[in-house]
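The values are calculated or read from the model by the stated rules, or taken from the named source; none is laboratory data. Nothing here was measured: the structure is a model prediction, and the numbers come from that model. Here Cβ is always computed from backbone atoms with ideal geometry, including for glycine, and neighbour counts include all displayed protein chains. With ligands, DNA and RNA removed, areas are computed over all heavy atoms of the protein, side chains included. Shrake-Rupley method; radii C 1.70, N 1.55, O 1.52, S 1.80 Å.
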Amino acid sequence: MAGRDYDQEIKALQATMHTIEQVLDVEAMRKEIFDLGDQVAAPDLWDDQENATRVTGRLSMLQGEVDRFTALLSRIDDLAIMVELGQEEGDADALEEADRELEKIKVAVERLEVRTLLNGEYDAREALVSIRAGAGGVDAADFAEMLMRMYIRWSEQHNYPVEVFETSYAEEAGLKSATFAIHAPYAYGTLSVEAGTHRLVRISPFDNQGRRQTSFAAVEVVPVLEQTDEIEVPDEEIRVDVYRSGGPGGQSVNTTDSAVRLTHIPTGTVVSCQNEKSQLQNKASAMVVLKAKLLARKKAEEKAHLDGLRGDVQASWGDQMRNYVLNPYQVVKDLRTGFEAGNPSAVFDGDLDGFLEAGIRWRRGADRAEDN
């Protein structure tokens with residue numbers, strides 16, 4: 001790129017990284033990593049498995065954050081050397097490569113900068129995502145399954161483990177509902193902007209007359225709880241139902257009544273888990289989901305926000321936050337941020353980062369406006 005001021009652009013990136021380092025408090029992260037390393041080295045660590053899991057998980061998360069930061073710093077330093085050598089030797093190919101690397105680094109720095117906006121009480125937590133088919137019949141059930149695949153593909157692209165707790169299949173196609181966890185630092189803060197009603201417009205593959213169909217699905221995102229979270233659920237407030245797990249088309253997943261459904265009687269909150277073959281394991285997993293939803297509900301009530309941490313989305317006309325239009329034209333547009341993409345196939349295949357970053361910036365702006 002003729003006339004490009006590499007020195008100025010690289011200095012700007014380094015200044016941004018310095019700001020990010022201060023906001024994230026990377027030095028404090030390193031100190032905590034050192035302390036956690038001592039705990040991991042203790043011979044009696046696994047005498048308390050829950051604490052050991054918490055310690056090792058926290059250590060892995062922090063180490064990943066610091067490694068990500070230092071790797072990006074190294075890339076900027078390497079870029080400066082590449083530019084210097086290319087300019088000294090008049091190597092046009094090297095400078096073209098530097099141009100490409102500079103653009104990639106800018107994107108990476110911008111994404112890391114977005115992370116500094118995730119400073120809410122639960123933003124650093126892992127996420128529990130629930131999807132529910134709304135208005136639109138079989139198309140809505142199919143849309144719910146498309147959304148679940150979209151979030152799982154996004155997780156896979158970022159190497160985030162996904163744990164599916166429950167999938168309730170519709171009779172003809174798709175899902176009535178699904179709940180799954182994304183095990184990654186800041187998954188809740190990142191994905192919480194996805195909560196709301198999603199709307200799909202397309203020529204229905206289930207309509208033999210080929211008519212255009214509008215359907216809806218609701219997405220709910222809550223943070224995974226930690227041991228320090230205070231949420232007590234007395235046994236007498238919970239109704240436990242067991243049933244036989246089923247798959248698409250009525251196929252049997254298990255031959256025993258291992259699936260568990262928990263109903264919190266005071267609030268009517270219902271969660272299910274059928275991923276494990278053991279009824280006890282499914283009950284334990286379902287309690288994790290139930291407590292997370294009840295905590296989110298509690299926080300939403302405390303803040304008196306209608307959408308709060310949990311939200312109450314209707315999955316119907318009038319309250320959608322994003323449109324996925326496949327006919328008569330193709331576009332995915334977020335109605336809050338205005339961000340849009342002209343390739344719905346890529347979005348459904350997990351290309352969500354642009355929407356997530358725009359959503360996080362939008363939420364930060366909305367929070368500031370509310371504070372003022």
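At 222 nm, what helix-only mean residue ellipticity would the chain give, in deg cm²/dmol to the nearest 500, using -39500 (n - 2.57) for each DSSP H run of four or more?
-16000 deg cm²/dmol
State the percentage of accessible surface on the chain attributable to carbon and sulfur atoms; use a 1.4 Å probe and exclude ligands, DNA and RNA.
Ligands and nucleic acids excluded, carbon and sulfur give 47 percent.
Which of the trypsin sites (Lys or Arg not before Pro) found in region 1-43 are in a DSSP loop and have at most 13 neighbouring Cβ atoms, other than their own, within 10 Å?
R4
What number comes out for accessible area per residue over region 130-233 if the probe is 1.4 Å? Units Å², please.
Heavy-atom SASA per residue in region 130-233 reads 40 Å².
Not counting ligands, DNA or RNA, and with a 1.4 Å probe, what is L356's accessible surface area in Å² rounded to the nearest 10?
Roll a 1.4 Å probe over it and L356 shows about 0 Å².
In the Gaussian network model of the chain, springs joining C-alpha atoms below 10 Å, which of S258, S192, S60 carries the largest mean-square fluctuation?
S60
Quick one: 3J(HN,Hα) in Hz for region 271-283, Karplus 6.51/-1.76/1.60 with θ = phi - 60°, rounded, Gly and Pro as x.
9, 9, 8, 9, 6, 9, 7, 8, 4, 5, 5, 5, 5
On average, how much accessible surface per residue is there in region 318-366, in Å², for a 1.4 Å probe, leaving out ligands, DNA and RNA?
44
In µm²/s, what is D for region 43-185 at 4 °C and 1.567 mPa s, where D = kT/(6 pi eta Rh) by Stokes-Einstein and Rh is the Kirkwood radius from Cα pairs?
Answer from the Stokes-Einstein relation: 68 µm²/s.
How many Å² of accessible area per residue for region 57-121, probe 1.4 Å?
Spelled out: the 1.4 Å probe surface of region 57-121, per residue, equals 55 Å².
Top to bottom by accessible area (1.4 Å), largest first, where do V331, V107, V55 land?
These residues rank, largest area first, as V107, V331, V55.
Would you please state the base-10 log of I(q)/I(0) at q = 0.15, 0.18 1/Å for region 53-128, with intensities from the Debye formula using one equal scatterer on every alpha carbon?
Log10 of I(q)/I(0), two decimals: -0.67, -0.81.
If one takes the longest principal axis of the Cα atoms in the chain, at what angle in degrees, from 0 to 90 and to the nearest 10, does the Cα axis of helix 137-157 lie?
Rounded to the nearest ten degrees, it is 40.
Of all the stretches in the chain, which is the longest one without any exposed loop site, taking GluC sites (Glu not before Pro) in a DSSP loop (any state but H, G, I, E, B) with at most 16 other Cβ atoms within 10 Å?
233-372
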